[in-house]
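To start, the structure under review is shown below, and the notes come after it.
FYI, it's all coordinate maths here, none of it is from the lab. The shown structure was predicted, so the numbers you read here are calculated from the model rather than taken from an experiment. In this analysis, Cβ positions are derived from the backbone assuming ideal geometry, glycine residues included, and neighbour counts consider all displayed protein chains.
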């Protein structure tokens, strides 16, 4: 009790800028804890859902309904031997999983979960661009992993992943740009607020579909999982990885899924707004749906062939997203009432 | 000298050193990493001048796309040939030391920038996205149009020089085109 | 109107100005339409009939040229500024645009019959050619550093690809690669100079740059040296000439002709425009800003050395060449040297002379490269041996080539003679007016000596054609009627200009602005006679 008062006292004496940094750090710590748990349970949910869809039971040994399975997985990965294959380039080999985990986690810094400055770590003016920059830097992780592993499968996986992510990032960014055009801001909270009467999914159906497709490709999940196609190239770029470094890749992947679900919910589905009482719960519900969606299509669709993937990205999605952008701009010019938030 | 000027000069120094190191790096992957550090330095310079938008575009376009393509090309080179060429092999640990140090300096610089932002030391002028758009599309519209022509020509030229007809005399080159 | 303080316009007037601007842009829009149309139409053509799209390219050139001639009286009256002073359409830029279009028209017609390009897809080729022309025209019209660099880069990029267009020919690809590497370095240096310049001036507009020049600073000289790298690369002047022989030899012949005329002229045009206000030559829209004497002299000395090196090097190395395209490459380097020498004179007469010279040079070079292409088509070689005894194969062809070569030497009666004559007159004029007369006179002497050196290798070709029997190893050259007709026309033009040069001198005078009643032009010509400026050097902080 006395200690608590002491802490408050110290906090009160701090200058404003130190307080701001402290608050940000605290929010970051909370988000980090929640996310790491969430990522673990995303794996659990995935295994359970897939099992259900395939008429199996899924993990059910550790704890009631297998609920402790993520904990068991993490413990297993942590206690495994930290090994480097003899032929790898150690520095880059270690750097690669770190990059993907860092970019995945940093992305959440700009995600607002409610209509309050307390419900977001840092509501950047250029939030959407920050997200795009992080996702484009995430590619380095895969390139370096593939390269530094010094193995055939890893290099092939790295090459495929790089080509795929660069191709789909374009359509993703362009479809988001139409949203920015309508909202008149790159700030995620502004974008969410701009959808107060009508969600952008109704005004931007093409953009939504393009983003949805590009999103799945960006996270390298089935049916776009050719970078790690296990029956061709073992496990792609993380073939040589094990123990905690492998866990970081895993973490990065699930972080990516959750982050992309947040972004699509905020950019197209009105964020925290919903019927009855708006609030963070609506956002979580939407995110949960998209996480489920990721798992759902994983069990439904077969893997695309490499050339089909490139054709889809460059010949269909990219022109479609550009068309969508032009249409949005034109409609905005002709019917200004459609885009009340756009800058003029 | 204001704090932002300090940030600017540190970032500029890192950018220049890293760019110089690109020229002298013996190893291709190493050179690319130096280039990456240099681009981040330039981005931080832009930020310290108030151009956050330009800074982030610098990262998205250059660091996120163009340099990745450089790495991509290095990876695409024939693996068998890489083993013979010393300058194409992955860099060793001492070789990575300098880019890491440069990157750390840059991170410290970023730390100062964060402090400056939190403490409210601003440059007094932030260049908004709207202002950039106005300048580009109103004042320099001819330049933008001409730039689009440059890109079109680049595309046509690359298409022409890179099209498959190049390999008509060596048939097997056409067959293992995919990866 | 354009120089001096910004004038605020009423609404109607500003709308009118904008309309005038787009009227001036019209010829260039036709070219853009041509580029896109060529690409799209080529898509629907089979490879064998790909050559058809050249009609579109020709039509675009023609349409653009016609609308430019309609624009001519308008801009003679008053120059048109477009896009916040980004482009200026004055007689200078319109003249050069027309010049580029005519040259491109000729290059397209020669491309249609080229054996080196036969059997390829030609859509990209013509699109690239038209783009290069468009950017060359913009380069001559650019009034803003951004536009200047962008059009420079567009011209370079399309030239790189054009040089390596026949991509299965080893030498073509090699030359293209050399061109790219060299061009990248040159334009990089130039860009560095431009960014320094922007940092110093704080404005992208050329007229503000000119104002900067009136303050003495060593860094400005450094900037000029850096920029010269880019300009000299396009002019193929020493020491940025290394690409020229290889590229001229390796590129398909029509492309070589194009590079030697349009690309080089674009380099000169932009340099003339850029340097005009600093050299004290009022080129329409630009106010004359007198450079401080020391700085001006340093800059002139730089040009002097560049000119001397360029022409001497070009001529000396040309002596040993056995490949006609390589020989013409060195010859074109030497001609760049002559024109640079004229710029040293930095007066109106020099500008006129350069424009005049370029017309004479273009006719001769386009003709000679076409002749080389015709001979190559039949004999399969670019070696000078292919010219041996040509007079027995086709007297018309041989005679025309002789006249064109004669013009390049600069002997009467030919357009080349008049060109050289005007160059020397400009230099001598400046020498008489200047206190350092020998500075100019020595340059004239060097240029004269160089002309004598060049006599040897040009005459060598004429000798081969006239006084030797044709080689029995090579097939007989049988040029088509069109080829003979075209070359004979070129030769006739060369002679005609010597006999009646008035229209061309009038044109070059109009193109460089002596006819336009711009107030600031009152005392053009001699830097010494411009009124002293109020500001002494020390007044500027």
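Label segment C:311-529 by shape, choosing from rounded, prolate and oblate, from the square roots a ≥ b ≥ c of the eigenvalues of the Cα gyration tensor; if a/c is under 1.5 it is rounded, and otherwise prolate applies when a/b is larger than b/c, oblate when it is not. Prolate, because a/c is 1.5 or more and a/b exceeds b/c.
Given the C-alpha centroids of segment A:327-344 and segment A:14-40, what is the distance between them in whole angstrom? For segment A:327-344 versus segment A:14-40, the Cα centre distance is 38 Å. Panel note: the C-alpha atoms of chain C, placed on their principal axes, show extents of 76, 56, 43 Å (largest first). Fewest-first ordering of A:193, B:26 by other beta carbons within 10 Å of each residue's beta carbon gives B:26, A:193. Classify chain A as rounded, prolate or oblate, taking a ≥ b ≥ c as the square roots of the eigenvalues of its Cα gyration tensor: rounded when a/c is under 1.5, otherwise prolate if a/b is larger than b/c and oblate if not. Oblate, since a/c reaches 1.5 and b/c is not below a/b. Ordering A:182, C:200, C:235 by the number of other Cβ atoms within 10 Å of each residue's own Cβ, fewest first, gives C:200, A:182, C:235. How tilted is helix C:264-279 with respect to the longest principal axis of chain C? Cα atoms for both, answer in degrees (0 to 90, nearest 10). Taking Cα atoms only, the helix is inclined about 20 degrees. Taking every alpha-carbon pair under 8 Å whose residues sit at least 6 apart, chain C reaches a relative contact order of 14 percent. Taken as Cα centroids, segment C:260-285 and segment A:264-292 sit 62 Å apart, rounded to the nearest whole angstrom. For segment C:311-529, what does the relative contact order come out to in percent, with C-alpha contacts under 8 Å and a separation of six or more? 31 percent. The calculated 222 nm mean residue ellipticity attributable to helices in the protein assembly as shown amounts to -23000 deg cm²/dmol, summing -39500 (n - 2.57) over DSSP H runs of n ≥ 4 and dividing by all residues. Within the listed set A:268, A:301, A:254, the Gaussian network model of chain A (springs between alpha-carbon atoms below 10 Å) gives the highest mean-square fluctuation for A:301.
Against the longest principal axis of chain C, how steep is helix C:502-512, in degrees 0 to 90 to the nearest 10, with axes from Cα atoms? Between helix and principal axis, roughly 50 degrees. If R0 is 56 Å, the Cβ-Cβ spacing of residue A:337 and residue C:298 corresponds to a FRET efficiency of close to 0.30.
When the Cα gyration tensor is reduced to axis lengths a ≥ b ≥ c, the ratio a/c is 1.5 or higher for the protein assembly as shown, and with a/b above b/c it is classed as prolate. Between the Cα long axis of helix C:91-112 and the first principal axis of chain C there is an angle of about 20°, rounded to the nearest 10.
Structural descriptor for chain A: relative contact order 22 percent, calculated from alpha carbon pairs under 8 angstrom and at least 6 residues apart. With each label modelled as a point 7 angstrom along the Cα→C-beta vector, the residue B:134-residue A:206 pair spans 3.1 nm.
Going by how many other Cβ atoms sit within 10 Å of their own, how do C:47, A:122 line up, fewest first? Mind dumping the intermediate values first?
Working: C:47 12, A:122 16.
In increasing order of surrounding Cβ atoms, one gets C:47, A:122.
The Kirkwood radius of segment A:1-79, taken over pairs of alpha-carbon atoms, gives through the Stokes-Einstein law at 4 °C and 1.567 mPa s a diffusion coefficient of 82 µm² s⁻¹.
Please give the average number of partner chain Cβ atoms lying within 10 Å of the Cβ of each residue in B:154-160, rounded to a whole number. Can you show the working numbers first?
Values: counts 6, 0, 11, 12, 1, 2, 12.
For this peptide, the per-residue mean of nearby foreign Cβ atoms is 6.
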